[in-house]
Amino acid sequence: MTTDIFELWRRQVALANGFAAMGPFAGFVMAARIAQMTREAGAPTPAGMAEAQRMVSEKVSAAFEGGVAAGRVLSRMSAATTPIAAAGFMIAAGEAAIKPARRRVRANARRLSRPGA
(Lines give C-alpha, C1' and ligand atoms only; values in the text may rest on other atoms or scores of the structure.)
Protein backbone atom coordinates (compact mmCIF):
# COMPACT_ATOMS: atom_id res chain seq x y z
CA MET A 1 0.00 0.00 0.00
CA THR A 2 2.79 2.44 0.85
CA THR A 3 4.46 1.81 -2.51
CA ASP A 4 1.12 2.51 -4.22
CA ILE A 5 0.92 5.91 -2.53
CA PHE A 6 4.48 6.77 -3.55
CA GLU A 7 3.82 5.65 -7.13
CA LEU A 8 0.67 7.78 -7.18
CA TRP A 9 2.65 10.75 -5.87
CA ARG A 10 5.38 10.17 -8.50
CA ARG A 11 2.78 10.17 -11.28
CA GLN A 12 1.17 13.35 -9.94
CA VAL A 13 4.54 15.09 -9.92
CA ALA A 14 5.30 13.86 -13.44
CA LEU A 15 1.91 15.14 -14.66
CA ALA A 16 2.50 18.55 -13.06
CA ASN A 17 5.99 18.67 -14.55
CA GLY A 18 4.50 17.82 -17.94
CA PHE A 19 2.19 20.83 -17.70
CA ALA A 20 5.07 23.06 -16.59
CA ALA A 21 7.34 21.81 -19.38
CA MET A 22 4.78 22.91 -21.98
CA GLY A 23 4.97 26.52 -20.77
CA PRO A 24 8.07 27.65 -22.65
CA PHE A 25 6.90 25.95 -25.85
CA ALA A 26 3.44 27.51 -25.59
CA GLY A 27 4.93 30.92 -24.86
CA PHE A 28 7.18 30.71 -27.90
CA VAL A 29 4.31 29.62 -30.16
CA MET A 30 2.11 32.45 -28.90
CA ALA A 31 4.88 35.03 -29.38
CA ALA A 32 5.66 33.79 -32.91
CA ARG A 33 2.02 33.87 -33.93
CA ILE A 34 1.37 37.29 -32.40
CA ALA A 35 4.45 38.67 -34.18
CA GLN A 36 3.17 37.29 -37.48
CA MET A 37 -0.30 38.74 -36.94
CA THR A 38 1.22 42.10 -36.02
CA ARG A 39 3.36 42.16 -39.18
CA GLU A 40 0.28 41.42 -41.27
CA ALA A 41 -2.11 43.79 -39.49
CA GLY A 42 -4.63 45.08 -41.99
CA ALA A 43 -3.22 43.06 -44.91
CA PRO A 44 -3.11 39.36 -44.02
CA THR A 45 -1.21 37.09 -46.37
CA PRO A 46 -2.51 33.68 -47.44
CA ALA A 47 0.13 32.09 -45.18
CA GLY A 48 -1.01 34.25 -42.27
CA MET A 49 -4.65 33.33 -42.83
CA ALA A 50 -3.71 29.64 -43.00
CA GLU A 51 -1.77 29.94 -39.72
CA ALA A 52 -4.73 31.66 -38.03
CA GLN A 53 -7.08 28.92 -39.21
CA ARG A 54 -4.62 26.24 -38.13
CA MET A 55 -4.26 27.87 -34.72
CA VAL A 56 -8.00 27.61 -34.06
CA SER A 57 -8.60 24.18 -35.57
CA GLU A 58 -5.65 22.64 -33.70
CA LYS A 59 -6.96 23.83 -30.36
CA VAL A 60 -10.42 22.40 -30.99
CA SER A 61 -8.97 19.14 -32.27
CA ALA A 62 -6.51 18.75 -29.37
CA ALA A 63 -9.23 19.52 -26.81
CA PHE A 64 -11.57 16.98 -28.39
CA GLU A 65 -8.89 14.29 -28.64
CA GLY A 66 -7.81 14.89 -25.05
CA GLY A 67 -11.40 14.75 -23.81
CA VAL A 68 -12.08 11.49 -25.63
CA ALA A 69 -8.84 9.96 -24.34
CA ALA A 70 -9.63 11.01 -20.76
CA GLY A 71 -13.17 9.70 -21.13
CA ARG A 72 -11.86 6.31 -22.22
CA VAL A 73 -9.70 6.10 -19.11
CA LEU A 74 -12.46 7.29 -16.77
CA SER A 75 -14.93 4.80 -18.26
CA ARG A 76 -12.85 2.07 -16.63
CA MET A 77 -12.84 3.76 -13.22
CA SER A 78 -15.53 1.45 -11.87
CA ALA A 79 -12.83 -1.23 -11.80
CA ALA A 80 -11.03 0.70 -9.06
CA THR A 81 -11.29 -1.22 -5.83
CA THR A 82 -9.55 1.31 -3.56
CA PRO A 83 -9.37 5.09 -3.31
CA ILE A 84 -5.73 4.92 -4.42
CA ALA A 85 -6.73 2.96 -7.52
CA ALA A 86 -9.45 5.53 -8.27
CA ALA A 87 -6.91 8.33 -7.91
CA GLY A 88 -4.66 6.41 -10.29
CA PHE A 89 -7.43 6.43 -12.90
CA MET A 90 -7.86 10.17 -12.45
CA ILE A 91 -4.15 10.79 -12.95
CA ALA A 92 -4.19 8.50 -16.01
CA ALA A 93 -7.09 10.56 -17.37
CA GLY A 94 -5.05 13.74 -16.92
CA GLU A 95 -2.08 12.13 -18.64
CA ALA A 96 -4.28 11.07 -21.57
CA ALA A 97 -5.96 14.48 -21.79
CA ILE A 98 -2.73 16.47 -21.99
CA LYS A 99 -0.98 14.26 -24.53
CA PRO A 100 -2.57 15.71 -27.73
CA ALA A 101 -1.99 19.31 -26.62
CA ARG A 102 1.62 18.62 -25.63
CA ARG A 103 2.30 16.95 -28.97
CA ARG A 104 0.85 19.89 -30.94
CA VAL A 105 2.56 22.59 -28.89
CA ARG A 106 5.98 21.01 -29.38
CA ALA A 107 5.38 20.43 -33.10
CA ASN A 108 4.29 24.06 -33.52
CA ALA A 109 7.36 25.32 -31.66
CA ARG A 110 9.61 23.26 -33.95
CA ARG A 111 7.78 24.42 -37.08
CA LEU A 112 7.62 28.10 -36.12
CA SER A 113 11.30 28.19 -35.06
CA ARG A 114 12.47 27.29 -38.56
CA PRO A 115 13.87 30.17 -40.61
CA GLY A 116 11.20 31.69 -42.82
CA ALA A 117 8.33 30.27 -40.79
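Data table
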| quantity | calculated |
| --- | --- |
| Hits in segment 1-20 - residues which are exposed (fewer than 11 other Cβ atoms within 10 Å of the Cβ) and in contact (Cβ under 8 Å) with a residue 12 or more places away in the chain | Met1 |
| Residue match in segment 48-56 (condition: of a type in the set (Val, Ile, Thr), outside any helix (DSSP H, G or I) and loosely packed, with under 12 Cβ neighbours inside 10 Å) | no |
| So Gln36, is it surrounded by fewer than 11 Cβ atoms within 10 Å (Cβ to Cβ) and assigned to a helix (DSSP H, G or I) | no |
| Set Glu40, Glu7: member being touching a Gly at 6+ places or on another chain (Cβ under 6 Å) and at pLDDT below 95 | Glu40 |
| Neighbours by Cβ (under 6 Å, 6+ apart or cross-chain): first from segment 62-77, surrounded by 13 or more Cβ atoms within 10 Å (Cβ to Cβ); second of a type in the set (D, E, K, R) and part of a helix (DSSP H, G or I) | Ala62/Arg104 |
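The values are calculated or read from the model by the stated rules, or taken from the named source; none is laboratory data. These numbers come from a predicted model, not from an experiment. Every residue, glycine as well, gets a Cβ built from its backbone with ideal geometry; the counts of neighbours run over all protein chains shown.
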